[in-house]
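Any read-out appearing in this document is the output of simple, stated calculations on the displayed coordinates, not a laboratory observation. As the structure is a prediction and not an experimental result, all values here were calculated from the model. Positions of Cβ are backbone-derived with ideal geometry, glycine not excepted, and every protein chain shown enters the neighbour counts.
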Amino acid sequence: MREQQAKFVASATETLWAGAAAGHMLGLLGPQLPGWYEQIDGNPVARGELLTWMAREELFALKIEVEEPTGWQVRGTMPISGP
């Protein structure tokens, strides 16, 4: 297979909305929030599910996809910074 090169240029930031939405979602847990944090901290399966969801929804990192003959393939992620 022949090596090819490509250039990648991006200018991406998250908005104030992202932090506000995250705060609102966590607030929905109400008094159960501390227990949820304990579960995420102490249970690798629960933490993995959270991280998988965050990656799928591209909450704090954008997927870098490359078009291949078989279709678009994820080749990495790019963290996004605050506003």
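Points worth noting:
- When residues of the range 24-58 are limited to those that are within 16 Å of the chain's Cα centre (by Cα) and small (G, A, S), the one surrounded by the fewest Cβ atoms within 10 Å (Cβ to Cβ): G48
- Those residues of the range 32-83 which are hydroxyl-bearing (S, T, Y), farther than 17 Å from A21 by Cα and part of a strand (DSSP E or B), in sequence order: T77
- Any hit, the range 3-21, residues being under 20 Å from the mean Cα position of the chain (by Cα), assigned to a helix (DSSP H, G or I), surrounded by 12 or more Cβ atoms within 10 Å (Cβ to Cβ) and free of Cβ contacts under 8 Å to residues at least 12 places away in the same chain: yes
- Qualifying residue in the range 64-82 (condition: free of Cβ contacts under 8 Å to residues at least 24 places away in the same chain, surrounded by 10 or more Cβ atoms within 10 Å (Cβ to Cβ), of a type in the set (S, T, Y) and in contact with a strand residue (DSSP E or B) (Cβ under 8 Å, 6 or more places away or on another chain)): yes
- Index of the failed condition, A61 passing every other in (1) under 30 Å from R2 (Cα atoms); (2) exposed (fewer than 13 other Cβ atoms within 10 Å of the Cβ); (3) in contact with a Ser or Thr (Cβ under 9 Å, 6 or more places away or on another chain): (2)
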